[in-house]
Structures are given as structure tokens and as C-alpha cells.
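Working notes, beginning with the structure itself.
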Amino acid sequence: MVEYAQSWRKRLRIKHIVDLAKKELGKDYNEEDIQLIQKKLDLEMLKKWKLIKTTRKEYLKIVQKILRKEYVLKV
């Protein structure tokens, strides 16, 4: 099946944000730590990709699910 460039790009962006979050958080982190790092991730998305607020919010929700191990990202 052909993969659309937009969805592929979205997954790469999310992977980049997750990697950044894991690097900042380290091995042991909890829900409070995830909440604290959201502002930094939001700024990174705004600066790097100039994403609109709703898209950044959507990406942050996905990142939270990945960090809580509720969602697996396939890239």
C-alpha cells in the first residue's frame, strides 16, 4: 500500500518529539514530569515546524500516550 507523504512526515515529527522528551526525562519519569516537559516540546514544535496550536495539541496528546506506553509508534 502506498503511504502518503503527509502521514509519513507526521510520524517522523512525532518520533522526533518523543525522542526529545525521552532524552529530557531520562529512564524514570511519571505523569508530573510529562506535564512539565510539555511547554518545552510545544515551543520546539512551534519553532521548528511552525505548527498551529491545534496540531501541536494533537501531537502532544500522542506523545503523552507513547510515553505512558498506551500507544506504539511505527516509523
Farthest positive-ward along the chain dipole, Cα basis, beta-carbon charges - from Y71, H16, L51: L51
The chain: relative contact order in percent, alpha carbon pairs under 8 Å with at least 6 residues between: 41 percent
Charge dipole magnitude, Cβ of K and R +1, D and E -1 - region 5-67, Cα centre, debye nearest 20: 500 debye
Phi-based couplings in Hz for region 35-47 (Karplus 6.51, -1.76, 1.60; Gly and Pro marked x): 5, 5, 7, 4, 4, 5, 5, 4, 5, 4, 5, 5, 6
Radius of gyration and maximum dimension Dmax of the chain, Cα, Å: 12.4, 40
Stretchable slack from N30 to T55, in nm (0.36 nm times residue separation minus alpha-carbon distance): 6.6 nm
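Read-outs throughout are calculated quantities, based only on the coordinates presented, and are distinct from any laboratory measurement. Keep in mind the model is a prediction, meaning the values are calculated, not measured. No Cβ is skipped: glycine too gets one built from the backbone with ideal geometry, and neighbour counts run over all protein chains shown.
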